[in-house]
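> Take this structure first; my questions come after.
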Ligand code: 1GP
């Protein structure tokens, strides 16, 4: 099966900068302003769309709007099986390999797979690893899993390696949206040295120097959400910090 979005990750000659858009945090006016910022910045490689808890009925309309108003590929970062849309370019099919909740490892995927096939959506098999970021995040609570302790890089590295051996196409290390602190350079480097597939890092990034630190430690793709919801004007500064 063709994997155009994933192949772009693999073929990328430079590191990729992704912005996470949680539809629940936007209305049509804030989304419009956000898209204007994206166009002005013109340095965002991918848009991730999803959230742990969506109370507004705007998941589909958010993806439609982004596809209509930007040329940036839109990838679903699903919080649950309701977050599937044929309008997106691809979906990260997340298996929460840092946890031991069978539903998050395979159960939800059984429910989602026929719907994803029907939507003819490109899937990117993603080993999703939560790393402790100093406080309980929504994703930890909603997924009913423990994160990997921040001081245990060897557990993170072995988990990522197992994910790669199981056939995952990406590893996504996430401190969780709104984490108190981002994933340490030591943790990122330990995982990167163990795997050959691309490594996404996100969660708790609050400044440009954290972006640079994560890149230098070995992240191939950086995701920023919360900070840009609050300060969209920082988009260019963060994109420029990719090294
Ligand atoms: C969360 O990695 C993403 O899943 C982004 O986190 O919102 O803290 O940037 P932030």
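The values are calculated or read from the model by the stated rules, or taken from the named source; none is laboratory data. This structure is a prediction, so every number in the text was calculated from the model and none was measured. Methodologically, a virtual Cβ is constructed for each residue, glycine included, from the backbone with ideal geometry; neighbour enumeration extends over all protein chains shown.
> Just one of the numbered conditions (1) free of Cβ contacts under 8 Å to residues at least 24 places away in the same chain; (2) under 30 Å from residue 39 (Cβ atoms) is not true of residue 93; which one?
The one condition residue 93 does not meet is (1).
> All but one of (1) touching a strand residue (DSSP E or B) at 6+ places or on another chain (Cβ under 9 Å); (2) within 16 Å of the ligand (Cβ to nearest atom) hold for residue 134, so report the exception by its number.
Every condition holds for residue 134 apart from (1).
> Any idea which of 98, 87 is surrounded by fewer than 19 Cβ atoms within 10 Å (Cβ to Cβ) and touching a helix residue (DSSP H, G or I) at 6+ places or on another chain (Cβ under 7 Å)?
One residue alone meets the criteria, 87.
> Now a separate question. Assuming residue 240 fulfils every condition listed in (1) in contact (Cβ under 8 Å) with a residue 60 or more places away in the chain; (2) crowded, with 18+ Cβ neighbours inside 10 Å apart from one, which condition is it?
All conditions are met except number (2).
> Shifting gears a bit: Can you spot a residue in region 211-232 that is more than 21 Å from residue 35 (Cβ to Cβ), within 13 Å of the ligand (Cβ to nearest atom) and assigned to a helix (DSSP H, G or I)?
yes
> Taking residue 242 as the residue in question, decide whether it is under 18 Å from the mean Cα position of the chain (by Cα), assigned to a loop (DSSP other than H, G, I, E, B) and away from the ligand (no atom under 11 Å from the Cβ).
For residue 242, the condition - under 18 Å from the mean Cα position of the chain (by Cα), assigned to a loop (DSSP other than H, G, I, E, B) and away from the ligand (no atom under 11 Å from the Cβ) - is met.
> Could you list, in sequence order, the residues of region 161-190 that are away from the ligand (no atom under 15 Å from the Cβ), without any contact (Cβ under 8 Å) to a residue 60 or more places away in the chain and not in a loop (DSSP other than H, G, I, E, B)?
161, 164, 165, 185, 186, 189, 190
> Could you please give the count of residues in region 161-183 that are within 19 Å of residue 205 (Cα to Cα) and out of contact with any helix residue (DSSP H, G or I) (no Cβ under 8 Å at 6 or more places or on another chain)?
5
> Going through region 191-210 one residue at a time, which ones are in a loop (DSSP other than H, G, I, E, B) and more than 10 Å from the ligand (Cβ to nearest atom)?
193, 194, 195, 196, 197, 198, 207
> Moving on. Quick one: count up the residues across region 105-135 that are closer than 15 Å to residue 172 by Cα and assigned to a helix (DSSP H, G or I).
Final tally of qualifying residues: 1.
> Do we find that residue 235 is crowded, with 22+ Cβ neighbours inside 10 Å, in contact with a helix residue (DSSP H, G or I) (Cβ under 6 Å, 6 or more places away or on another chain) and either modelled with pLDDT under 95 or over 22 Å from residue 13 (Cα atoms) (or both) in this structure?
No; evaluated as a whole, the condition is false for this residue.
> How many residues are in a loop (DSSP other than H, G, I, E, B) and either modelled with pLDDT under 95 or touching a helix residue (DSSP H, G or I) at 6+ places or on another chain (Cβ under 7 Å) (or both) when one looks only at region 137-160?
Residues flagged as in a loop (DSSP other than H, G, I, E, B) and either modelled with pLDDT under 95 or touching a helix residue (DSSP H, G or I) at 6+ places or on another chain (Cβ under 7 Å) (or both) within region 137-160 amount to 4.
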